[in-house]
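The values are calculated or read from the model by the stated rules, or taken from the named source; none is laboratory data. Predicted model only: the values in this text are computed from it and were never measured. Glycine gets a Cβ as well: all are built from the backbone with ideal geometry, and neighbour counts include every protein chain shown.
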Amino acid sequence: MLILLLALVSTITPVLPSGAELGDAALLTEPIDRNLYLLGPGDVVAVVIEGGCTEALLGAGVSPWASYMVTADGYLSISGIGSVDVGDLTLNEAQYLVHQKAAVYYPSIRLTVSLLQPGQVRVGIRGMVEDPGTYIMTSLSRVSDLVWNAGGISAFGSRYGTMISADGDTLAVDLHISSATGMPNLDPFLETGASVNFDVCTEPVYILRAGMLHPGTEIENPRMMASVETWELNRSGDDLISLMDRMGGIPGNVNLNSSRIFRDGSRLQVWSDAAGLLPEPLIPGDTIMLVVFTDSIAVGGAVGNPGMTEYRPESTVHEYIIAAGGPVRDTSLSGVKHFRDGIEIASGGDALANTVLPGDAIEVPYNWVSRNKDAITIVGAIITIWYTVHRIME
């Protein structure tokens, strides 16, 4: 069953995150613990003198606020104070040392050291990811950020992995989602020179996301198939509910009534109207097909480019018609129809201002003259012939 399902999606070109070479995720930051974050080359810190500077301090070259970068050998060179070795020190430790050195020259001085911008780190990732290689990230990036920039975990890849630091220390990685935090279970910060590896999934369950246009109408066109993902069963065993929990929950666009578990040729339900999501025990090799509603809008009839149009929140029927190439010359918008779940909900001028939801369909009919132009042409020809014959007979 899995081979057949994979065959359906084998022709799909995956949409990978942009900026994989430079690391878009590196632009993201998060709060840090001043007692845990270790300063390193490339970190930019702000040194602030509390209460400002006196004329004497200004004359000595001390600035009330200035930014400095940690050098490649781990030093901060602060104007009016000197160089301080802060490599591999926490922010609080670095602040204490800078304050101690400044107090030698200015006994009453008080200052703070804070992180302005994390430094860059060069890390490698290999194994079961879409684009293994070396990436430039920041010291506030986590393994999950690196995986994102490497195109994500590839088919048959495990979400259990390891990160080996430049010093040879090994850290465990577990990108399954914690139900308590909504974040990966073990997602360490990246270190320069580190190498991250993800192996093949040993006890896989396959998640197939299949598209559908309207409730109860599954799309059999392989191009509408979304993706196949591999998730590893918990080492202590999993049922459907616990696996969905570790995946981060079930998206709101999933039709659970149509979803199934494929196992040895059988199809098992995942949902009961009476009991809800079923705690079906899972075994390695199971394929869970989650039927999802597509976010596309169908615009058909007398428009320039009839077909599926990408869903855009808050857009109206008229805006979707324009996005589909606009009405052709031989039509009138007075006959527009707006469908939802296969049922006409508005027509004519009342439909044009309607807000469209995912899965809706819009029909722009040709006008009467256009629909009947062949008959009109024939009738016109008959009238012309009759008029010609009549003039000859006269």
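General observations
- Meets criteria (touching a residue at least 24 places away in the same chain (Cβ under 8 Å), under 30 Å from ILE362 (Cβ atoms), buried (at least 18 other Cβ atoms within 10 Å of the Cβ) and among the aromatic types (Phe, Trp, Tyr)) for PHE339: yes
- Selection from the stretch 23-53 of residues that are surrounded by fewer than 16 Cβ atoms within 10 Å (Cβ to Cβ), modelled with pLDDT under 80 and either within 30 Å of the chain's Cα centre (by Cα) or not small (Gly, Ala, Ser) (or both): ASP24, LEU27, LEU28, THR29, GLU30, PRO31
- Residues in the stretch 267-294 that are among the polar types (S, T, N, Q) and under 18 Å from ARG209 (Cα atoms): GLN269, THR287, THR294.
- The stretch 292-326, subset assigned to a strand (DSSP E or B) and touching a Ser or Thr at 6+ places or on another chain (Cβ under 7 Å), residue surrounded by the fewest Cβ atoms within 10 Å (Cβ to Cβ): GLU310
- Of all residues in the stretch 61-110, those satisfying the criterion of being farther than 12 Å from VAL45 by Cα, of a type in the set (Ser, Thr, Tyr) and assigned to a loop (DSSP other than H, G, I, E, B) are SER63, SER79, TYR106, SER108.
- Among the residues of the stretch 162-173, those that are modelled with pLDDT under 95 and touching a Gly at 6+ places or on another chain (Cβ under 8 Å) comprise SER165, ALA166.
- Residue in the stretch 143-158 that is modelled with the highest pLDDT, counting only those that are outside any helix (DSSP H, G or I) and either buried (at least 21 other Cβ atoms within 10 Å of the Cβ) or assigned by TED's automatic domain parsing to the domain that holds PRO284 (or both): ALA150
- Counted residues, the stretch 261-288 - those being buried (at least 20 other Cβ atoms within 10 Å of the Cβ) and part of a strand (DSSP E or B): 1
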